[in-house]
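Visitor: Once you've had a glance at the structure underneath, I'll fire off some questions.
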């Protein structure tokens, strides 16, 4: 019974240090008692250090300046990360879980400010791996200028999870006058992409058990809010922004066509792609249009704004390979089509089944 | 290849309806393509229907009135739910995931407004169970007056999860002048609890495989924001509020003693407990002080405010069994002690190991 553990004398919060080198997560780390408090104090609080987290509430109280009058707009987004493997060329589940949610907030034209983190960890998970992931999250958050203000840790028995799953929620604010939304694409809009497609998916696949192949491709995992801020400053009337993650460019274009009621035509030759990604996709029988990206965005704007937007994108390190890849048309069928490199025409449908499970 | 699925004629978004009766989750439901969109449209969007979710962004744009000047305070909290079994007497993982996070926000004295939901579902999970859980979430959110404004669904392979895990994030606003925090307990403060302890943990345990026993005990899972609003209106200077979930009353009292630098003494006789809960705990060798609750709160206030606060709590349906259970003292050791029913004195330490895994 716990009561038999009565301390003698002045209470020392933790009898022993957390063994971050050789220790493993056990069920007590999710039980709400001393072991969990120690994990939070010795690992999370140190890595994510900020005044909001230091309040040590279950809930964080955060300032939110939404403009004069207090009636401004807040943007919130949530995303779960179940990627396998947890560590991959160019990133890990920690940095990915920050970038992915920062990007979802940024795609509304918002400035990301705060993140919350929910971890579901499998019993037996190495504390050294957890430390690496947490430090990677902290570095990604710091570099993106967001504070991790609240969190939660649950532990499930061995065999009931898969290492670690991370769910992040992002909160940000949108400047007045910015209205970026998947349903705002219009016939005549130009479609731009910020860089090459397929890097993330191929990098992750290259480390999958049973699939390992040689490649220098790194995941493109990155926080895009800085690029978005530059873009919005140059062209405040951007109609749509979207990051082509799960389901790739094909899924995102279909979502936008459906939401906006337009047709879309893209040109295969115009879509940036690394030679190694093209090769890996051919080898594995994958269509790169459906492969996930984690540091790219697609933008829709008026045709007349396209060149200006492209110039701004190319001036940013995360947009230097940006390209205009197509345009919207008036099409009641809402088809997404591609002019192929060989001069043909192909319908780009949504993915019906699944191509790459657990890519993010 | 997906491209071979080109539709003919005007696009129908989904070829077949979702089989919510006999269907099962497969990996395609998390792949970002057509199956995932169908799951979102046919199940989540219908159940959680609200104008923010209907924006169909990855991020929801939500109004947030933080008072004149826009410098007000927003409260955010996140919680993962991995409870086993998923359905238990008095609730399920869906209602629990709403109540738990609504309560974390409410414990800052805030009014909960919005929730986001991240689901991690195991391949093979019955769609009928998912529908029941989603409808339970929707009902709990509606009854708590919160909108579910953004969500995410991931699917992991069979054997890499355990049915469904749900992470919710809650956002609310705090009225000016309210400052409720775990570090505000003072010597002389009275400690109140809103009702009986141990109901949730015992109700869940009664359905565990290998542990099943007869009991009429229901989980106390409930949203406490209404009770909190009444309490704050009557006694704006409440010092601390906390819901004793994982780790039970013992963990919460120790956290508060540690954060505020006070000693705490509670009286065993004063703590409300159902006879059946007491019996089940004796049978299972559990200490009810460490058993999770999901619809109770602990409040700390000045001694002179205690009777007024108690009266208001008892006037609310979720506080009708409220009681004053102890007080804070000046104690550099920050001990939590209990005067036992037999006249003895016992140190109530934190739980060192774990008593009840996956109770929430």
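Please treat every number below as a calculation from the coordinates, not as lab data. Everything numeric in this text was worked out from a predicted model, so none of it was measured. Cβ placement follows ideal geometry from the backbone for every residue including glycine, while neighbour counts extend to all protein chains displayed.
Visitor: Quick check on the protein assembly as shown: helices-only [θ] at 222 nm, where DSSP H runs of length 4 and up contribute -39,500 (n - 2.57) each and the sum goes over total residues. Nearest 500, please.
Guide: -7500 deg cm²/dmol
Visitor: Still on this structure, I have one more. How would you rank B:296, B:131, going from fewest to most other Cβ atoms within 10 Å of each one's own Cβ?
Guide: Ascending number of Cβ neighbours within 10 Å: B:131, B:296.
Visitor: What ranking of A:77, A:329 emerges when the number of other C-beta atoms within 10 Å of each C-beta is taken as an exposure proxy, fewest first?
Guide: With the sparsest Cβ surroundings first, the list reads A:329, A:77.
Visitor: Helix B:225-234 versus the longest principal axis of chain B: what is the Cα-based angle in degrees, 0 to 90, to the nearest 10?
Guide: In chain B, helix B:225-234 runs at an angle near 40 degrees to the longest axis.
Visitor: Rounded to the nearest 5, what is the percent of antiparallel bridges among the DSSP beta bridges in the protein assembly as shown?
Guide: If I count the DSSP bridges inside the protein assembly as shown, around 80 percent turn out antiparallel.
Visitor: Go through B:106-114, B:17-25, A:307-315 and give me the packing order, highest mean Cβ count within 10 Å leading.
Guide: B:106-114, A:307-315, B:17-25
Visitor: While we're here: Please determine, in degrees from 0 to 90 and to the nearest 10, the orientation of helix B:248-260 with respect to the longest principal axis defined by the Cα atoms of chain B, where the helix direction is its Cα long axis.
Guide: In chain B, helix B:248-260 runs at an angle near 70 degrees to the longest axis.
Visitor: Please order A:204, A:146 by the number of other Cβ within 10 Å, starting at the fewest.
Guide: With the fewest neighbours first, A:204, A:146 line up as A:146, A:204.
Visitor: For residue B:267 paired with residue B:142, estimate the spin-label separation in nm (one decimal), with each label point 7 Å from Cα along the Cα-to-Cβ line.
Guide: 4.5 nm
Visitor: Using r as the Cβ-Cβ distance of residue A:157 and residue B:307, and R0 as 41 Å, what FRET efficiency do you calculate, to the nearest 0.05?
Guide: Step by step, r from the Cβ atoms, then E = 0.35.
Visitor: May I pose another question? Ranked highest first by the average count of other Cβ atoms within 10 Å around their residues, in what order do A:229-239, B:165-175 fall?
Guide: Per-residue Cβ counts within 10 Å, averaged per peptide and sorted highest first, yield B:165-175, A:229-239.
Visitor: At 0.36 nm per residue, minus the direct Cα-Cα distance, what do residue A:342 and residue A:329 gain on full extension? Give it in nm, one decimal, please.
Guide: 2.5 nm
Visitor: Using label points projected 7 Å from each Cα along Cα→Cβ, tell me how many nm separate residue A:41 and residue A:56, to one decimal.
Guide: Distance between the two pseudo-spin positions: 0.7 nm.
Visitor: For the residue pair residue B:178 and residue A:178, what label-to-label distance in nm results when each label sits 7 Å from Cα along the Cα-to-beta-carbon direction?
Guide: About 3.0 nm separates the two model spin labels.
Visitor: What nm distances, shortest first, do you get from the label point of residue A:124 to those in the other copies when the point sits 7 angstrom along Cα to Cβ?
Guide: 1.8
Visitor: How many nanometers, to one decimal and shortest first, lie between the label point of residue B:186 and those of its other copies, if labels sit 7 Å from Cα toward Cβ?
Guide: Spacings between copies for this position, smallest first, are 6.1 nm.
Visitor: Please give the contour-minus-distance gain from residue B:49 to residue B:22: 0.36 nm per residue of separation, less the Cα-Cα distance, rounded to one decimal in nm.
Guide: Length gained, residue B:49 through residue B:22: 7.3 nm.
Visitor: Over chain B, what relative contact order in percent results from Cα pairs under 8 Å that are six or more residues apart?
Guide: The normalised contact order for chain B reaches 21 percent.
Visitor: For residue A:186 and residue B:65, FRET efficiency with R0 = 30 Å and r from the beta-carbon atoms, rounded to 0.05?
Guide: Efficiency computed from Cβ-Cβ geometry: 0.40.
Visitor: Also: Taking R0 as 60 Å, what's the FRET efficiency between residue B:233 and residue A:315 from their Cβ-Cβ distance, rounded to 0.05?
Guide: 0.65
Visitor: Now a separate question. What relative contact order, as a whole-number percentage, does segment B:190-347 give when Cα pairs under 8 Å and 6 or more residues apart are counted?
Guide: 43 percent
Visitor: Could you pull the copy-to-copy label distances for residue A:261, with points set 7 Å along Cα to Cβ, in nm to one decimal and sorted shortest first?
Guide: 6.4
Visitor: So, one more: Taking the Cα atoms only, what angle lies between the long axis of helix B:275-284 and the longest principal axis of chain B, rounded to 10 degrees?
Guide: Between the helix axis and the principal axis of chain B, the angle is about 80 degrees.
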